[in-house]
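In what follows, a structure is listed as structure tokens, so that the remarks can point back to it.
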Amino acid sequence: MKKFLFAAFMLAVNVFFVLAQGTAQITFEKTTHDFGSFPESSPKVTCTFKFKNTGDGPLVIHQAIASCGCAVPQYPKEPIKPGESGEVTVTYNGAGKFPGHFRKTITLRTNSKNEITRLIIEGDMTSAEAK
């Protein structure tokens, strides 16, 4: 009986700690970025997506996955406290890719109220021959 009461007590304490932490909420200023046109001779372009934790618990970005290896996301690995801001930087490298329009998606997995957030980058890489 003592073991059962102890286990029930520990479960209640753990639930209390989880509830006391609150829920994170990631809010981006924008979720899409258009690079416009850029030349094939300078195929690397970078943009920054700024966000804020508008929830009442710490925000953790678990994973950022690009839809292709030509887009590389960088994100904060440490928890973002409520009210604090952070950035996700995405670099697109069109070297070795065909010129033309592209549209790539970066999927973020977080502990936010909305667990999945998608960021979109797009643009037009112009051919070296196009003048």
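Enumerate by residue number the GluC sites (Glu not before Pro) in the range 95-131 meeting two conditions: DSSP loop (anything except H, G, I, E, B), and at most 16 other Cβ atoms within 10 Å of the site's Cβ.
Passing both the DSSP loop test and the Cβ count: Glu115, Glu129.
How large is the charge dipole for the range 23-126, taken about the Cα centre, if only the Cβ atoms of Lys, Arg (+1) and Asp, Glu (-1) carry charge, to the nearest 20 debye?
160 debye
For Glu29, what is the net charge nearby, where nearby means another residue's Cβ is under 14 Å from its Cβ and Lys, Arg count +1, Asp, Glu -1? Intermediate results must be reported in sequence, preceding the final value.
Numbers: positive: Lys30, Lys50, Lys52; negative: Glu87.
Charge balance near Glu29 sits at +2.
How far apart, in nm, are the 7 Å Cα→Cβ label points at Ser41 and Arg118?
That separation, rounded to one decimal, is 3.6 nm.
Under a Cβ-Cβ cut-off of 14 Å, what is the net charge of the residues other than Glu122 that fall near it, where Lys and Arg count +1 and Asp and Glu count -1?
In short, +3.
What does the net charge come to around Glu84 if you take all other residues with beta carbon closer than 12 Å to its beta carbon, with K and R at +1 and D and E at -1? Before the final figure, lay out the partial values.
Details: positive: Lys50, Lys52, Lys81; negative: Glu78, Glu87.
With Lys, Arg at +1 and Asp, Glu at -1, the neighbours total +1.
Let me spell out the model: positive unit charges on the Cβ of Lys and Arg, negative unit charges on the Cβ of Asp and Glu, origin at the Cα centre of the range 54-113. What dipole size does that give, in debye rounded to 20?
Around 300 debye, computed over the range 54-113.
Among the trypsin sites (Lys or Arg not before Pro) within the range 89-130, which fall in a DSSP loop and have no more than 16 other Cβ atoms within 10 Å of their own Cβ?
Lys97, Lys113
Throughout, read-outs are computed from the coordinates displayed, never taken from laboratory work. Owing to the predicted nature of the structure, the values given are computational and were not obtained by experimental measurement. Note: ideal-geometry Cβ built from the backbone for every residue, glycine included; neighbour counts use all protein chains shown.
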